[in-house]
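Note sheet for the following structure.
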Amino acid sequence: MKKIFFAAALIIFILSMSACTLRPEVSRVEIDKQVDLSGYWNDTDSRLVAEEMMKEAISYPWVKEFRANKGEAPIVVIGTIRNKSHEHINIDTFMNDIQKELIKQGTVRFLVAKKERDEVSEEQDYQASNPKIKKKAEGDQLGADFMVQGEISSILDEAGKLQVRYYQIDLEFVNIATHEKVWIGQKKIKKVIRQPGL
């Protein structure tokens, strides 16, 4: 009995020691390479949805109409994008992808969001109260003409080792002065995940 106990303890010790020395295999890939490991919402989904939806949004007439009436590019601010999905989604990353795409297109100007405006205002107050800092000349602060709002929702369906994850992304541009929706967009993603057998 002692021999069996000793052998079992030795095997457990060897296995635990070998598990401690195992290291994950890491390889670097291109940032825009699509990598799906789990089937959950990921960086590729965020980037591709932002690119596709923002290209569509600025192709609508509201941009040209604003330019024709005001003689300048519209100023856009990002509002609230809610995560109503069944999983954790980093909304900040998605919002940054939206901003990046809009700025890259060069069709609209982008205003920082409220949280960032508060931080800039604090810096302006700090510079104004400190005579040793060469303060930047203050100009009139710009106001946004349009706001981006939306939500990400999802449906999860599973049976046995098969799972379907469906995501629906709804975004809209709202004219801040009139509260008119000038663009409504929707993107759908469906992923089928087959779990491996034992």
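The values are calculated or read from the model by the stated rules, or taken from the named source; none is laboratory data. As the structure is a prediction and not an experimental result, all values here were calculated from the model. Note that each Cβ is placed from the backbone with ideal geometry, even for glycine, and that neighbours are counted across all protein chains shown.
In the range 39-117, which helices (runs of 4 or more DSSP H) lie fully inside it and hold 1 or more residues that are under 22 Å from residue 191 (Cα atoms), of a type in the set (Ser, Thr, Tyr) and out of contact with any Gly (no Cβ under 9 Å at 6 or more places or on another chain)? Show your work before the answer.
Numbers: elements: 43-58, 61-70, 91-105.
The helices (runs of 4 or more DSSP H) meeting that bar are 43-58, 91-105.
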task: Consider only pairs whose beta carbons are under 6 Å apart and that are at least six residues apart or on different chains; among these, list those whose first residue lies in the range 166-187 and is closer than 18 Å to residue 102 by Cβ and whose second residue is among the β-branched types (Val, Ile, Thr) and not in a strand (DSSP E or B).
output: 169/49; 187/49
message: Against the condition modelled with pLDDT under 70 and either charged (D, E, K, R) or in contact with a strand residue (DSSP E or B) (Cβ under 7 Å, 6 or more places away or on another chain) (or both), how does residue 138 come out, does it pass?
response: yes
message: Between 99, 163, 195, which is modelled with pLDDT of 85 or more and farther than 30 Å from residue 67 by Cα?
response: 163
message: Being more than 30 Å from residue 163 (Cα to Cα), surrounded by 11 or more Cβ atoms within 10 Å (Cβ to Cβ) and of a type in the set (Asp, Glu) narrows it down to one residue among 87, 101; which is it?
response: 101
